[in-house]
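The values are calculated or read from the model by the stated rules, or taken from the named source; none is laboratory data. These figures come from a predicted structure and were not determined experimentally. Virtual Cβ from ideal backbone geometry, glycine too; neighbours counted across all protein chains shown. When the accessible area is computed, the model is the full protein with side chains, heavy atoms only, and any ligands, DNA or RNA have been set aside. Shrake-Rupley method; radii C 1.70, N 1.55, O 1.52, S 1.80 Å.
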Amino acid sequence: MQIEFKSLTLPSHGTIALGVYDDLSLTAKGQDLNQQSKEALTKALSLSGFKGKAESAALLVSVAGLPFDRIIVLGLGKKGDKKKASQWARLGGCVTQICYAHKIDSVQVILDEVENPECAVEFALGAKLRHYRFDKYLTQQKPEDKSNIVYVACHVANPEKCQKAWEQKNSIIDAVFFTRDMVTEPANIIYPKSLAKKAQEMSNLGLNVKILGNDEMKALGMGALLGVAQGSEHEPQLVAIEWRGGKADQQPIAFVGKGVTFDSGGISIKPGDGMEDMKWDMAGSAVVLGLMQALAARKAKVNVVGVVALVENMPSGTAQRPGDVVRSYSGQTIEVLNTDAEGRLILADALWYVQEQFKPSTIVDLATLTGAMIISLGYEYAGVFANDKKIADQLIEAGQEVGEKMWHLPLDEAYNKEMNSDIADMKNISGTRAAGSITAAQFLQRFIKDGTKWAHIDIAGVSWTKKDSPIYPKGATAFGVRALDQFVEKFYESN
Ligand code: BES
Ligand code: ZN
Ligand code: ZN
């Protein structure tokens, strides 16, 4: 999809899109067109049943007196209400969606009443994010089933400014699409080594990539991660990616991702129904990789390290058993009571590794960690847990700005106690279903050293969507890439 910013001169043919408020009033340019059409436009609008509700769109065809084939009307909501950037993005997504539905290949959008250039650029971003498709395995696709919207012109008051800002958005769009691709790929294509290879390829962008295999991890004593991996034919990988765009002496900020390329549950095997979803149990790692790609592409002025723990969790004759005791890299021992609570085991070693190796000031980890997260927050909000309220607040604020919603949940010694084991330093499940996402976060916190700021984002409910919404076509969302890019830019980059 090509996007261009143009001046407010109205086009002379084709399909245009126009804003309409919820009292059915038009923007200034729309009013001009209405006059030109001798009010046929407002008549068509009132007959269409369209209500101008925010984030909605409808199609009017061949309105008398106007030279356009079609007019898409876009709901702007209440006149006078200031819209957030993320709302403009969703409106952009609505345009793509309606063009899709009506097989429209090119549209000229009249954005004469956006608050500022940033909002127009967000609109374009939303249009593009909604355009994502993963169709590489559809070999019998008919041309009419293919995405056909290829061109969007945004007519704005300050096209040069918008065009410049738009060019800078490419890095984040590419990163989101990379992450969505990785999450969508099936587990026979994306497994620890193939995903590590994708990370390795990022060294082209000036990222320093280091990959540890089985032997290196064994030598370091990463018994928690290796215990999960031991049932699979696929060798586990631990990937560390460094971006050094800040001052030489600046302590890095670290992002750590859960990368279970397939989670069958292991010997504590999951039910068959829906097990295919567990190909996306590596979403946390794909977000970290996408984020590192975005930061490098836009040459972020900050030191960042990304660490992803990549394993496949399978049942087999060599798989770990419920009841096994493993020794983590930190030295703490863990009684593995349920082999399906594997994400916390691999993160335990990855978190320790990033601290030993890179001494970060702050760590943010992302993981599709618990089904309980979906029970508590559903598919709308990710859960944030933190040992420092400020980082939780910063993450939530950054998320709000890009439309990735997060909710702060508590940590507490009372929950922590639930993870004590009779025969090891801790067990990997609490043993009751109560507060499952919190007890998982408490487990992770046992691997954070005193003085390191840390937040954990449980993205189990938000990494995949079963229905289309304005900026997320159904499938992988890449939730976290844009929020964390914003988090880094807003709170950590030196300008
Ligand atoms: N990957 C799952 C969590 C998950 C479930 C993510 C559904 C997305 C959708 C995780 O490894 C897991 O299986 N967790 C268990 C933990 C339990 C055994 C304490 C769970 O949530 O059931
Ligand atoms: Zn699991
Ligand atoms: Zn899992």
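The value obtained for region 1-111, namely the Cα convex hull volume divided by the number of residues, is 101 Å³ per residue.
Under 5 Å from the amide H of D388 lie the amide H atoms of W454, each residue being 5 or more positions distant or on a separate chain, with H modelled from the backbone and absent for Pro and chain starts.
Want the number for W407 to K299: 0.36 nm per residue separation, take away the alpha-carbon distance, what's left? Please report the intermediate quantities before stating the final value.
On the way: separation 108, 0.36 × 108 = 38.88 nm, distance 2.98 nm.
Length gained between W407 and K299: 35.9 nm.
GluC sites (Glu not before Pro), restricted to region 294-390: which are DSSP loop and have at most 11 other Cβ atoms within 10 Å? Passing both the DSSP loop test and the Cβ count: E380. In this view, the solvent-accessible surface of T318, computed with a 1.4 Å probe and all protein chains in place, comes to about 90 Å². Each residue, D393 and D105, gets one label point 7 Å from its Cα in the Cβ direction; the gap between the two is 5.3 nm.
Are any of the pairs K197/K417; K169/K405; K193/K299; K169/K258 more than 29 Å apart by Cα-Cα distance, and if so, which? Over 29 Å Cα-Cα: K197/K417. With the cut-off at 1.5 for a/c, could you classify region 350-495 from its C-alpha gyration tensor as rounded, prolate or oblate? It is oblate, given that a/c is not under 1.5 and a/b is not larger than b/c. The heavy atoms of K490 offer some 90 square angstrom of accessible surface to a 1.4 angstrom probe. I'd like the antiparallel share, as a percent to the nearest 5, of DSSP beta bridges with both residues in region 225-311. Looking only at bridges with both residues in region 225-311, the antiparallel portion is about 50 percent. Taking Cα atoms only, the orientation of helix 389-402 departs from the longest principal axis of the chain by about 30 degrees.
Structural descriptor for region 1-87: relative contact order 35 percent, calculated from alpha carbon pairs under 8 angstrom and at least 6 residues apart.
Under 5 Å between amide hydrogens, built in the peptide plane, is the criterion, and for Q108 it picks out T15, I16, A17, A153 among residues at least 5 positions away or on other chains. Of the trypsin sites (Lys or Arg not before Pro) found in region 265-343, those in coil by DSSP whose Cβ has at most 16 other Cβ atoms within 10 Å are K299, K301. Proximity of backbone amide H atoms, modeled 1.01 Å from N, is registered between K270 and G265 at under 5 Å, excluding neighbours fewer than 5 places apart on the same chain.
Under 17 Å of direct C-alpha separation, and excluding same-chain neighbours fewer than eight residues apart, K51 reaches these lysines: K43, K78, K79. Across region 154-167, computed HN-Hα scalar couplings (Karplus, 6.51 cos²θ - 1.76 cosθ + 1.60, θ = phi - 60°) run 9, 8, 9, 6, 10, x, 5, 4, 5, 4, 5, 5, 5, 4 Hz from first to last residue, x flagging Gly and Pro. Here r is the Cβ-Cβ distance between L24 and S62 and R0 is 22 Å; the resulting FRET efficiency, rounded to 0.05, is 0.65. Relative contact order of region 297-410: 16 percent, from C-alpha pairs under 8 Å at least 6 residues apart in sequence.
Over the chain, what percent of the accessible surface lies on carbon and sulfur atoms, probe 1.4 Å? List each step's numbers first, then the result.
Values: 10170 of 20570 Å².
Whole-percent figure for carbon plus sulfur exposure: 49.
Taking the DSSP bridge list for the chain and keeping only pairs wholly inside it, about 40 percent are antiparallel.
Put simply, the chain fits an ellipsoid with semi-axes of 46, 22, 20 Å; these come from the alpha carbon gyration tensor as the roots of five times its eigenvalues, largest first.
As a check on your grasp of the helix formula, calculate [θ] at 222 nm for the chain: sum -39500 (n - 2.57) over DSSP H runs of n ≥ 4, divide by the residue count, round to the nearest 500. Value at 222 nm, helices only: -10500 deg cm²/dmol. Ligands, DNA and RNA aside, R321 has an accessible area near 130 Å² when probed at 1.4 Å.
Pairing the Cα long axis of helix 283-297 with the longest principal axis of the chain, what angle in degrees results, from 0 to 90 and rounded to the nearest 10? Tilt of helix 283-297: around 60 degrees. A dipole drawn for the chain from +1 and -1 charges on Cβ atoms has a positive end, and of L411, A254, Q293 the residue lying farthest that way is Q293. Accessible surface for the chain, divided over its residues, is 42 Å² per residue with a 1.4 Å probe. The alpha-carbon positions of region 310-373 define a convex hull whose volume is 111 Å³ per residue. In degrees between 0 and 90, to the nearest 10, how far off the longest principal axis of the chain does helix 117-130 point, with axes built from Cα atoms? Rounded to the nearest ten degrees, it is 70. Each Cα pair under 8 Å and six or more residues apart adds its separation to the average, and for the chain the resulting relative contact order is 15 percent. For region 11-19, 3J(HN,Hα) computed residue by residue from phi via the Karplus equation (6.51, -1.76, 1.60; θ = phi - 60°) reads x, 10, 6, x, 10, 10, 10, 10, x Hz, glycine and proline entered as x.
Shown are M275, M217, whose ranking by accessible area with a 1.4 Å probe and every protein chain present, most to least, is M275, M217. Starting from the Cα of I269, step 7 Å along the direction of its Cβ; do the same at I375; then give the gap between the two resulting points in nm. Each label point is offset 7 Å from its Cα along the Cβ direction, giving 2.4 nm. Note on exposure: Y137, Y191 ranked by accessible area (1.4 Å probe, complete protein assembly) read Y137, Y191, with the most exposed listed first. The 3J(HN,Hα) values that the Karplus relation (6.51, -1.76, 1.60; θ = phi - 60°) gives for region 197-212 are, in residue order, 5, 4, 5, 4, 4, 6, 4, 4, 8, x, 8, 8, 10, 10, 10, 9 Hz. Gly and Pro appear as x. Using alpha carbons only, how many angstrom separate the centre of region 305-325 from the centre of region 418-495? The distance from the Cα centre of region 305-325 to that of region 418-495 comes to 19 Å. The Cα center of region 389-404 and the Cα center of region 77-144 differ in position by 24 Å. Were the residues from D145 through E216 laid out at 0.36 nm apart, the gain over their Cα-Cα distance would be 20.8 nm. Placing K453, K161 in order of accessible area, with the largest value first and a 1.4 Å probe, yields K161, K453.
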